[in-house]
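Structure, as structure tokens:
The values are calculated or read from the model by the stated rules, or taken from the named source; none is laboratory data. Source: prediction; values computed, not measured. Counting neighbours? That spans all protein chains shown, and the Cβs are built from the backbone with ideal geometry, glycine included.
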Amino acid sequence: MSKEIEQEEMLAEPPALEGRWTVCAMLFVATSINYMDRQVIAILKPVLAQSTIHLEPLLPGWPTVEASIHMSEVQFGYVVSAFQVAYMLGVVFAGRLVDRLGCRKGYPLITGLWSVAAMGHALVSSVAGFGVARFFLGLGESGNFPAAIKATAEWFAPKERSLATGIFNSGASVGAILAPAVVPWVALHFGWRAAFLTTGIFSATWIVWWSVKYRRPHERMDWSRGVVVAPPPGPALAWWKLLGYRQTWGFMLGKFLTDPVWWFFLFWLPGYFSTRFNLNLAHLGLPLVAIYVLSTVGSVGGGWLPRAFLGLGMGLKPARLAAMLTCACMVLPMAFAGGLQSEWGAVALLGLAASAHQGWSANIYTTVPDMFPAEYVGTVVSFGQMSGAAGGAIFAVITGHILQITHSYTPLFLYAAFAYLTALVLLRMLAPGLKRAQLRS
């Protein structure tokens, strides 16, 4: 075994840092809040499509009718696209902010912005107002994953990173579970504006918790003393020069093709179940909760999967790629979802696909610290997030027009089924074996 390979294997399993799972728990909670905030509008989509809604107030004197905004499918597509365009624009700056300020200072700034924007939805009364609120929500939420992946790279050894990423990434599913469990109840009894305010109140507590608790580990690698290791820093490099590396583009294209599928789950599945199976707001929660419970299992299981392949004798990076191939194949049955007549058959098929997506996501994020030094992880992840948001914005507009014209979800499910295998092929072509980028200043 060459000296370079030996060093890589040593770096793959340094001694573990005490307190790393507390950091993972904080990242999990932040991601849950992040996805609760962005999921509210999707759950309220059937309500926002009406002119008025009838409430079932619990408090004496509370109004029984609330005005809505009569949002069409195309308008909803544009509102979703506004979020994703802002996400795309904000994510590069968010990644740079986190790389410059560090996770302890940068992460709370990002969280505060998206919390204010989430509650701001309650103040608007038009489609244009929703577009503005979604834009600022996208700016704030764009920083969550660059910050979380950077913190994971700082605290976890390479062999643990995909599991840690899978655990905190499962917060996306938990947030998507909590939202349909809470939002319909609040909307039915207090109105849709109250639903936006309710999900916005959790962030302040998290910001205090993070600011008090989080610290970057100060230990450095010293194999002679057997203490925690951090790889030596890479050469100083302008952030935009990272776009000159094939590894960056492999990650970006993977996100561009597959992120729109998750956005589709978040923003369009409530509408799918409402129109396909005639479910009203009171009955939407259970199918959505079931799908996101399955996706939570997939996130943690997908993060653990590379360790299973390591146990079969694979190297670290081949095990990562094998896990991604497994997840990509699990999405394929979604191609048949458009023709299903059974509500719970659709839940099973879409739950499997959502589970596979989250497993895929846990592993594709972990390819970045596999290929780049820690001080560039936030920036490269932000490039991928920008690319994924661009794909999601394009897909949202196309989705709105397809549904407005054809009233069929079949073309959308067909795209989603084959997106992951296509993305994996492109990643393998651009970054064979997830080879580490040879950075040059």
Just for segment 398-413: of the residues that are among the hydroxyl-bearing types (Ser, Thr, Tyr) and part of a helix (DSSP H, G or I), which one is farthest from Pro369 (Cα to Cα)? Thr406
First in segment 240-254 and closer than 11 Å to Thr367 by Cβ, second anywhere and among the polar types (S, T, N, Q), Cβ under 9 Å, 6 or more apart: Gln247/Thr367; Gly250/Thr367; Phe251/Thr367; Phe251/Ser387; Gly254/Thr367; Gly254/Ser387
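Can Ser203 be described as within 30 Å of Ala319 (Cα to Cα) and touching a residue at least 12 places away in the same chain (Cβ under 8 Å)? Steps first, answer last, please.
On the way: within 30 Å of Ala319 (Cα to Cα): no; touching a residue at least 12 places away in the same chain (Cβ under 8 Å): yes.
Taking the combined requirement at face value, the residue does not satisfy it.
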Cβ-Cβ under 7 Å pairs, at least 6 apart or on other chains, segment 414-435 side part of a helix (DSSP H, G or I), far side of a type in the set (Lys, Arg) and surrounded by fewer than 17 Cβ atoms within 10 Å (Cβ to Cβ): Leu430/Arg246
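Can you find, within segment 19-32, the residue that is surrounded by the most Cβ atoms within 10 Å (Cβ to Cβ) among those that are β-branched (Val, Ile, Thr) and more than 15 Å from Ile201 (Cβ to Cβ)? Before you say what the answer is, go through the steps one by one.
Step one: list which residues in segment 19-32 are β-branched (Val, Ile, Thr), which gives 22-23, 29, 31.
Restricting the remaining residues to those that are more than 15 Å from Ile201 (Cβ to Cβ) gives 22-23, 31.
Details: Thr22: 12, Val23: 25, Thr31: 23.
Looking at the filtered set, the residue picked out is Val23.
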Over segment 278-315, the set of residues in contact (Cβ under 8 Å) with a residue 40 or more places away in the chain, in a helix (DSSP H, G or I), crowded, with 17+ Cβ neighbours inside 10 Å and over 24 Å from the mean Cα position of the chain (by Cα) is Leu281, Leu310
The one condition in (1) more than 21 Å from Ser170 (Cα to Cα); (2) touching a helix residue (DSSP H, G or I) at 6+ places or on another chain (Cβ under 6 Å) that Ala353 fails to fulfil: (1)
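Only one of these is of a type in the set (A, V, I, L, M, F, W, C) and crowded, with 21+ Cβ neighbours inside 10 Å: Ala204, Ala164, Ala157. Name it.
On the way: Ala204 fails: crowded, with 21+ Cβ neighbours inside 10 Å; Ala157 fails: crowded, with 21+ Cβ neighbours inside 10 Å.
Answer to the selection: Ala164.
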Across segment 423-441, which residue is modelled with the lowest pLDDT among those that are in contact with a Gly (Cβ under 7 Å, 6 or more places away or on another chain) and crowded, with 20+ Cβ neighbours inside 10 Å? Ala431
Looking only at segment 33-80, filter to residues that are within 28 Å of the chain's Cα centre (by Cα) and of a type in the set (D, E, K, R); which one of those is surrounded by the most Cβ atoms within 10 Å (Cβ to Cβ)? Arg38
How many of the residues making up segment 274-295 are farther than 21 Å from Trp185 by Cβ and either out of contact with any Gly (no Cβ under 8 Å at 6 or more places or on another chain) or at pLDDT below 85 (or both)? 2
For segment 377-397, indicate whether the set of residues that are modelled with pLDDT of 90 or more and not in a helix (DSSP H, G or I) is non-empty. no
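Residues Tyr409, Tyr420, Tyr415, Tyr365: which one is in contact with a His (Cβ under 9 Å, 6 or more places away or on another chain) and either surrounded by fewer than 24 Cβ atoms within 10 Å (Cβ to Cβ) or at pLDDT 90 or above (or both)?
Values: Tyr409 fails: in contact with a His (Cβ under 9 Å, 6 or more places away or on another chain); Tyr415 fails: in contact with a His (Cβ under 9 Å, 6 or more places away or on another chain); Tyr365 fails: in contact with a His (Cβ under 9 Å, 6 or more places away or on another chain).
Checking each option against the conditions leaves just Tyr420.
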Test Thr165 against the criterion of being in contact with a helix residue (DSSP H, G or I) (Cβ under 9 Å, 6 or more places away or on another chain), closer than 18 Å to Ser115 by Cβ and outside any loop (DSSP other than H, G, I, E, B), and give yes or no. no
